[in-house]
Amino acid sequence: MSIEQGLRRGLPLVICAPSGAGKSTLVGRLTAEFPMEFSISCTTRKPRGNEQDGVDYIFLDRDTFIDRRGLGYFAEWAEVHGNFYGTPLKPVQDRLAQGKDMLFDIDVQGAAQLSLSLPEARFVFILPPSLEELERRLRGRGTDSEEAIRLRLANARSEIMSSHWFDAIIVNDDLDTAYDQLRSFYLASTLQPSLQPQLARAICGK
Ligand code: 5GP
């Protein structure tokens, strides 16, 4: 193991995107190429389809979520579409200390909070080429009602308009180009000095 690998803390990488921007495909490619772990969120929404407790989410009832929130259990939390979602802080801190890079799939309000509890986190926003294209993709999926599509488009517009503070913005027009950009950003972010506070001393022998 090299000095860099031995001493580096894990990178928290936060990826936000309006639904339909192609986030799942890009994240799937990144996790297939690099050893990263997903942060498993808690949620008060009910499991969907094949979702498993402790794998896709930790499913909690509302009272338990609120109790844990009061105890400072979450690195960030948000209410999305009427349900609570939150990132447990302790498991994330433990994995980062072990040098594991962690991926966070959270909404924009949660991401802004996470920048306070995990200052070394890096934030990527994935955009569709236009709102018209996003609407076309959402309709093409055929999974959402007209009302849900309208809501998603309105949410997408306000998220995109408040995306200026992210570290990187990637427009997913061509998938291969977007993936190259995400990959490059991830690799560059793992080199940030704050993840390797002991490196200089280790090299200089003091
Ligand atoms: P879904 O219910 O479709 O799995 O997720 C709905 C939204 O909640 C998505 O935008 C997802 O990124 C967001 N989300 C999932 N987990 C968390 C979390 O721990 N914190 C926050 N702030 N948002 C989350």
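So Gln113 fits all but one of (1) within 15 Å of the ligand (Cβ to nearest atom); (2) over 14 Å from the mean Cα position of the chain (by Cα); what number is the exception?
Here Gln113 clears every test but (2).
Name the single residue, out of those in the stretch 89-108 being of a type in the set (Asp, Glu) and modelled with pLDDT of 95 or more, that is farthest from Glu76 (Cα to Cα).
Among residues in the stretch 89-108 that are of a type in the set (Asp, Glu) and modelled with pLDDT of 95 or more, the one farthest from Glu76 (Cα to Cα) is Asp101.
I'd like the residue in the stretch 56-88 that is at pLDDT below 95 and not small (Gly, Ala, Ser) and, out of all such residues, is surrounded by the fewest Cβ atoms within 10 Å (Cβ to Cβ).
Across the stretch 56-88, the extreme among qualifying residues is His81.
If a residue has to be open to solvent by 70 Å² or more (accessible area, probe 1.4 Å) and either over 20 Å from Ala188 (Cβ atoms) or near the ligand (Cβ under 9 Å from one of its atoms) (or both) to count, how many in the stretch 26-55 make the cut?
9
Only one residue in Leu71, Leu131 is away from the ligand (no atom under 13 Å from the Cβ), over 13 Å from the mean Cα position of the chain (by Cα), under 26 Å from Ile40 (Cβ atoms) and of a type in the set (A, V, I, L, M). Which one?
Leu71
How many residues does the stretch 56-68 hold that are within 9 Å of the ligand (Cβ to nearest atom) and in contact with a strand residue (DSSP E or B) (Cβ under 6 Å, 6 or more places away or on another chain)?
1
For the stretch 10-25: of the residues being modelled with pLDDT of 95 or more and assigned to a loop (DSSP other than H, G, I, E, B), which is surrounded by the most Cβ atoms within 10 Å (Cβ to Cβ)?
Leu11
What are the residue pairs meeting all of these: first residue in the stretch 32-44, first residue within 16 Å of Leu11 (Cα to Cα), second residue in a loop (DSSP other than H, G, I, E, B) and modelled with pLDDT of 95 or more, Cβ atoms under 6 Å, and 6 or more apart or on different chains?
Listed pairs, sorted by first residue: Glu37/Lys100.
I'm checking my understanding of the structure. Among residues of the stretch 89-136 that are open to solvent by less than 30 Å² (accessible area, probe 1.4 Å) and in a helix (DSSP H, G or I), which one is farthest from Ile58 (Cα to Cα)?
Within the stretch 89-136, the match that is farthest from Ile58 (Cα to Cα) is Leu134.
The values are calculated or read from the model by the stated rules, or taken from the named source; none is laboratory data. Remember, it's a predicted structure, so these values are computed and weren't measured experimentally. Neighbour counts run over all protein chains shown; Cβ positions are idealised from the backbone, glycine included. The area values use the complete protein model at the heavy-atom level, side chains included, leaving out ligands, DNA and RNA. Shrake-Rupley method; radii C 1.70, N 1.55, O 1.52, S 1.80 Å.
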